[in-house]
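Enquirer: Take this structure, written in structure tokens, and hold onto it; I'll ask about it next.
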Amino acid sequence: MSLSILSIAYPLAPVGPDAAGGSEQILTLLDRTLTRRGHRSVVIACEGSDTEGTLLATPRAAGPLDDEVRRAAQERHREAIRRALSFWRFDLIHMHSLDFHAYLPPPGPPVLSTMVAEIYGPDPAQRIAIAKEVRAIFEGTPGVVDT
């Protein structure tokens, strides 16, 4: 059974084998693996990205990364998502960014957003205490599932 996956990157950082960010590297590995195993991989990411599947590139932001630039990039991603959904049928949409809520697709295919919480603190006991608080927040948030 062949799958069709839409992966949506953070709008302000390119994805590819030389990507600096962790989520960009994970997206690159997933795209490569899906494509090499015969699945359709469509990636929405900014210009300068390097994918093995189909890349729907959005214009890369220039200048200082302020709120206006961020909002414009998110709007370009929303439009690219609309175009992708009008052209292909997807089994899953995988969001790869913390600001995914700003450009969530309309109701349709299931949406997955992997959330990673890195916990820092001065000592192990405080890190464990903070981790328990974060876990409680996740567990109390509708739609957040730990698998």
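Enquirer: For the chain, set up a Gaussian network in which alpha carbons nearer than 10 Å are linked by springs, and say which option among Asp18, Asp31, Asp123 fluctuates the most.
Expert: Looking only at Asp18, Asp31, Asp123, the largest GNM fluctuation is found for Asp123.
Enquirer: While we're here: If you build the Cα gyration tensor of the range 37-99 and take the root of 5 times each eigenvalue, what three semi-axes come out, in whole angstrom, biggest first?
Expert: 23, 13, 10
Enquirer: Note the direction-averaged projected area, equal to a quarter of the hull surface, for the Cα convex hull of the range 1-72, in nm².
Expert: The Cα convex hull of the range 1-72, projected and averaged over all directions, gives 4.8 nm².
Enquirer: Contact order normalised by length for the range 1-88, with contacts defined as Cα pairs under 8 Å and 6 or more residues apart; what percent is it? Write out the running numbers ahead of the final one.
Expert: Numbers: 141 pairs, mean separation 24.5, N = 88.
Once divided by the residue count of the range 1-88, the mean separation gives 28 percent.
Enquirer: Also, quick follow-up: Within the range 1-107, report the trypsin sites (Lys or Arg not before Pro) that DSSP leaves as loop and that have at most 15 other Cβ atoms within 10 Å.
Expert: Arg37, Arg89
Enquirer: A further question follows. Taking N as the number of residues in the range 58-147, what is its alpha-carbon radius of gyration divided by 2.2 N^0.38 Å?
Expert: Compactness ratio reported: 1.41.
Enquirer: Rg to Rh ratio, the range 1-124, alpha-carbon atoms and Kirkwood radius?
Expert: Values: Rg = 14.7 Å, Rh = 14.9 Å.
When Rh is taken as the Kirkwood radius, the ratio is 0.99.
Enquirer: Over the chain, calculate the relative contact order: mean separation of alpha carbon pairs under 8 Å at least 6 apart, over the residue count, as a percent.
Expert: 23
Every number in this text was worked out from the coordinates using simple rules, so none of it is lab data. Worth saying up front: this structure is predicted, and the values here are computed from it rather than measured. FYI the Cβ positions are ideal-geometry reconstructions off the backbone, even for glycines, and counts take in every protein chain you see.
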